[in-house]
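Note sheet for the following structure.
The values are calculated or read from the model by the stated rules, or taken from the named source; none is laboratory data. If you're wondering where the values come from, they're calculated on a predicted model, not measured in any experiment. Here the Cβ positions follow ideal geometry from the backbone for every residue, glycine too, while neighbour counts run over all protein chains shown. Side chains included, ligands, DNA and RNA excluded: accessible areas come from the protein's heavy atoms. Shrake-Rupley method; radii C 1.70, N 1.55, O 1.52, S 1.80 Å.
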Amino acid sequence: MSTRYSRQTLFPPIGKEGQEKISSKHVLIIGAGALGSGNAEVMTRAGVGKLTIIDRDYVEASNLQRQQLYTEQDVADKLPKAAAAEKRLRTINSDVEIVALIGDATPEKLAELAEGVDLILDSTDNFETRMAINDIAQKYKIPWIYGACVASFGMSFTVIPGVTPCLNCLLKTVPIQGLTCDTGGIIGPAVQMAIAHQTAEALKILVEDWEAVRASFVSFDLWRNQYTSMKMGRAKDPGCLSCGEHPEYPYLSAENMTKTTVLCGRDTVQIRPPHSEGVDLSDMAARLKALGYEVKGNPYLLSAEMDENRFVLFQDGRALIHGTKDLAQAKSIYNRLLG
Amino acid sequence: MSTRYSRQTLFPPIGKEGQEKISSKHVLIIGAGALGSGNAEVMTRAGVGKLTIIDRDYVEASNLQRQQLYTEQDVADKLPKAAAAEKRLRTINSDVEIVALIGDATPEKLAELAEGVDLILDSTDNFETRMAINDIAQKYKIPWIYGACVASFGMSFTVIPGVTPCLNCLLKTVPIQGLTCDTGGIIGPAVQMAIAHQTAEALKILVEDWEAVRASFVSFDLWRNQYTSMKMGRAKDPGCLSCGEHPEYPYLSAENMTKTTVLCGRDTVQIRPPHSEGVDLSDMAARLKALGYEVKGNPYLLSAEMDENRFVLFQDGRALIHGTKDLAQAKSIYNRLLG
Amino acid sequence: MNKVLFFAHLRDEAGVESAEIEAAGKTVAQLKEIVAETYKLGKLDSAMAAINEEFAPNEEVIQEGDVIAFIPPVSGG
Amino acid sequence: MNKVLFFAHLRDEAGVESAEIEAAGKTVAQLKEIVAETYKLGKLDSAMAAINEEFAPNEEVIQEGDVIAFIPPVSGG
């Protein structure tokens, strides 16, 4: 396998020296959905030294349309995504040390995983986890790369602690937004495009070609043929609580975390998001109906049911997920519908 | 598997109607290298009705860094790429009819394969085959999508017969160009980016959303953070021999094809390119040395040797590939080094 | 006069790709309110704004001729 | 004055990303010759040219202020 990386070492900005750097680095990927499986495959093929990937979900039929590591057999076996990803990645490159973890990327877990990591590749499906990644990255001085996609649209931004603005400079708060892959759909090419941007930045960081790192925030829409680069020179906020002069890492503190509780004896999980700017219930009702849910409600709550899924959503964002005691599964359902 | 395409039917420009169209269409992919394996995977996951893929090569260790369908076992088994691709694609989506062909995409073969095809996805590694695809597409009125990448650079352009300019309008002749993945290297993200563009256009064409089809010629460089769209309004040449008023489909005629001959009793294949604008031998010598070849030569020819590969290249572009009687393999070596 | 561009689902919700609005002298936050009301957009608070392809905070004052783009951060992955 | 942009390996070979050249009145083909000689570029014949982000054939005459980009078609796949 001596020629294995020859096409990469022939690329002058990597070369043999760059390949040695890549093979000595540890990349942490948060999420093994569409972006996670794609990012993990590119990093594994590129020959990164160690790859850690964490995910709380199982492979489902609706994942196969865009999640490149998984097969029909993984769906039939109801494999956790982390386990299915590990299985495929090992067949691709036995040089890479792969650590696959089944579980929730809570701030505590992220802090534990951050040790010795050279780069974090965001592949999560919600902003709460991203804001925690952003704080962990600042606290432990680890570069991370934001990536996201929905419908035919996507975006990416590279955060280098001490150099670039951070995600909290840009967003100030966890955005409430109605569109997720489960409500607005997603096409495979948009996933590939986000992966292309995230993994190009990853290789630059791994070979320490800091000048090549993209300083702008990229957004694209492949169906509408749009591509835009937003310059970020003035985005850094000196008072930012994540990367400013007096950081407090707000998204690592308990008050900013979603609270998940099993309601005793009721086979129901309660989910309470931290900052509630409120949910537009009539808007959500329309979206859920479009997805095939049977929806009932009043101005204070809505109740939605489809197959074995049943839940109640309150105007302040709180939800009761019925028919499960599994906290991670309940949170997963909530994030997929509300972002 | 009723929910299998739910994230795609939720995307309004596709919807249930679009998904039915996708599942009734036949896509032909020429080449199963980096672009071919990626394009085939996205099309298979998207649920195209029938997918035909043709390739003449075997899986090699140096492919694994960027060719997403292949594993270390495929290299150990020396599987033809078409066979290895078929094996993986079947595990991904059993709804799709997959036809995998091991062989050279000659103009005759292309004409035979074109029957009943709705779209051709270019994934080849040389302009001779692309120009033949371009003529076949015009002759049989089949849309095709050009895609290519090398180093961190890539490009894509969608050709709709009767509507857009064609590749011959733009290039006029087969470009001679020194840079290929085997001489300039290639990184995985550039492959992903080309695939993102090609497959987005493919989905638009399959669901017949003609207004959404990209009219411009896209080029990008992920390492240098460049992205450019070239408008093509004035590119259509009414006198073009491929798509103009009196088409002659020049790249389907024998005089424009590379001639490949086994030299009797010598275990050597001779390759003679059609239009020889000549090769810069000192430039090629430098490139081959950089790749590890032992190179000797004079102003009229150069001789290069590495491991079991040995060949002689003449100033007019003719080459002798020693140690093989396999025409496809010899052509493959030639195209990889000379484009 | 100023040009306002909508990206992603904002474009679907607004029903147009771009709009001409008189916004000189207003802050980004004020423009967000006006645009949200005019085009019945629910969640413009969390959209990022760029003025002439450069990130602009809510307090930034818009100049005559500036092109403003609203880009909604998305969470899918 | 005109700005000339080099893409992909042309940029490596030219050693610069862009150049200022007096090209008004010249055709694209003439500019290709001048640039190939000045920057020692081997294969500019087959490069595509764009004037102000629009494809331009070899016969096209360059105007004052036009930005010309040379994009080499690549074959890798």
query = Is there a residue being among the polar types (S, T, N, Q), farther than 21 Å from C:PHE70 by Cα and open to solvent by 20 Å² or more (accessible area, probe 1.4 Å) anywhere in the stretch A:185-200?
reply = no
inquiry  = Regarding the stretch A:110-117, can at least one residue be identified that is under 21 Å from A:PRO161 (Cβ atoms) and buried (at least 22 other Cβ atoms within 10 Å of the Cβ)?
reply    = yes
inquiry  = I'd like the full set of residues that are farther than 30 Å from A:SER62 by Cβ and aliphatic (A, V, I, L, M), limited to the stretch A:158-217.
reply    = A:VAL159, A:ILE160, A:VAL163, A:LEU170, A:LEU203, A:ILE205, A:LEU206, A:VAL207, A:ALA212, A:VAL213, A:ALA215
request  = Would you be able to tell me the number of residues in the stretch B:26-52 that are more than 13 Å from chain D (Cβ to nearest Cβ) and more than 26 Å from A:VAL48 (Cα to Cα)?
outcome  = 13
key: Odd one out for B:ILE186, checked against (1) within 12 Å of another protein chain (Cβ to nearest Cβ); (2) modelled with pLDDT of 90 or more; (3) touching an Asp or Glu at 6+ places or on another chain (Cβ under 7 Å)   = (3)
message = Cβ-Cβ distance below 7 Å, separation of 6 or more or different chains: which pairs start in the stretch A:192-208 with a residue that is within 15 Å of A:PRO12 (Cα to Cα) and end on one that is among the basic types (Lys, Arg)?
response = A:LEU206/A:LYS21; A:LEU206/A:LYS25; A:VAL207/A:LYS21; A:GLU208/A:LYS21
ask   = Does A:ASP57 fit the bill of being modelled with pLDDT of 95 or more and not aliphatic (A, V, I, L, M)?
value = no
key: strands (runs of 3 or more DSSP E) (entirely within the stretch B:99-174) containing at least 3 residues that are in contact with a Gly (Cβ under 9 Å, 6 or more places away or on another chain)   = B:144-150, B:153-159
inquiry  = Restricting to the stretch D:57-70, give me the number of residues that are closer than 25 Å to B:LEU179 by Cβ and either open to solvent by 60 Å² or more (accessible area, probe 1.4 Å) or in contact (Cβ under 8 Å) with a residue 40 or more places away in the chain (or both).
reply    = 5
remark   = B:ASP267 fails exactly one of (1) in contact with a Phe, Trp or Tyr (Cβ under 9 Å, 6 or more places away or on another chain); (2) farther than 25 Å from A:PRO12 by Cβ; (3) surrounded by fewer than 16 Cβ atoms within 10 Å (Cβ to Cβ), namely (1)
ask   = Which is more than 18 Å from A:ALA196 (Cβ to Cβ) and part of a loop (DSSP other than H, G, I, E, B), of A:LYS21, A:LYS78, A:LYS87?
value = A:LYS78
key: Criterion (charged (D, E, K, R) and either under 25 Å from A:GLU108 (Cβ atoms) or in contact (Cβ under 8 Å) with a residue 24 or more places away in the chain (or both)) met by exactly one of A:LYS296, A:LYS325   = A:LYS325
note = Restricted to the stretch A:133-168 and to residues being of a type in the set (Val, Ile, Thr) and surrounded by 24 or more Cβ atoms within 10 Å (Cβ to Cβ), the residue modelled with the lowest pLDDT is A:VAL150
task = Mind listing whichever residues of the stretch B:24-43 are within 25 Å of B:LYS141 (Cβ to Cβ) and either aromatic (Phe, Trp, Tyr) or in a helix (DSSP H, G or I) (or both)?
result = B:LEU35, B:GLY36, B:ASN39, B:ALA40, B:VAL42, B:MET43
task = Collect the residues in the stretch B:203-214 that are surrounded by fewer than 24 Cβ atoms within 10 Å (Cβ to Cβ), among the aliphatic types (A, V, I, L, M) and within 8 Å of another protein chain (Cβ to nearest Cβ), keeping them in residue-number order.
result = B:ALA212
message = Please pick out the residue among B:ASP122, B:ASP74 that is within 30 Å of D:ALA56 (Cα to Cα) and crowded, with 24+ Cβ neighbours inside 10 Å.
response = B:ASP122
inquiry  = Can you find, within the stretch C:34-56, the residue that is surrounded by the most Cβ atoms within 10 Å (Cβ to Cβ) among those that are in contact with a Leu (Cβ under 9 Å, 6 or more places away or on another chain) and within 20 Å of A:PHE157 (Cα to Cα)?
reply    = C:ALA50
request  = Return yes or no: is A:ARG90 among the charged types (D, E, K, R), assigned by TED's automatic domain parsing to the domain that holds A:SER123 and at pLDDT 95 or above?
outcome  = yes
task = Only residues that are within 12 Å of A:THR260 (Cα to Cα) and among the small types (Gly, Ala, Ser): list them for the stretch A:310-339, please.
result = A:ALA319, A:ALA328, A:ALA330, A:SER332
ask   = Quick one: in the stretch C:16-33, which of the residues that are open to solvent by 60 Å² or more (accessible area, probe 1.4 Å) and outside any strand (DSSP E or B) is nearest to the other protein chains (Cβ to nearest Cβ)?
value = C:GLU17
task = Tell me which of these A:GLY178 doesn't satisfy, since it passes every other one: (1) more than 8 Å from chain B (Cβ to nearest Cβ); (2) surrounded by 23 or more Cβ atoms within 10 Å (Cβ to Cβ); (3) modelled with pLDDT under 95.
result = (2)
ask   = If A:SER62 satisfies every condition in (1) buried (at least 24 other Cβ atoms within 10 Å of the Cβ); (2) within 14 Å of chain B (Cβ to nearest Cβ); (3) under 26 Å from B:MET193 (Cβ atoms) but one, which is the exception?
value = (1)
query = Looking at the stretch A:283-330, which of its residues are within 14 Å of chain C (Cβ to nearest Cβ) and either in a strand (DSSP E or B) or touching a Pro at 6+ places or on another chain (Cβ under 7 Å) (or both)?
reply = A:GLY317
key: Looking only at the stretch B:208-244, and only at residues there that are aromatic (Phe, Trp, Tyr) and assigned to a strand (DSSP E or B), the one that is nearest to B:PHE157 (Cα to Cα)   = B:PHE217
message = For the stretch A:41-87, give me each residue that is in contact with a His (Cβ under 6 Å, 6 or more places away or on another chain) and touching a residue at least 60 places away in the same chain (Cβ under 8 Å).
response = none
ask   = Based on what the data block shows, is A:ARG90 without any contact (Cβ under 8 Å) to a residue 40 or more places away in the chain and either out of contact with any Leu (no Cβ under 9 Å at 6 or more places or on another chain) or crowded, with 19+ Cβ neighbours inside 10 Å (or both)?
value = yes
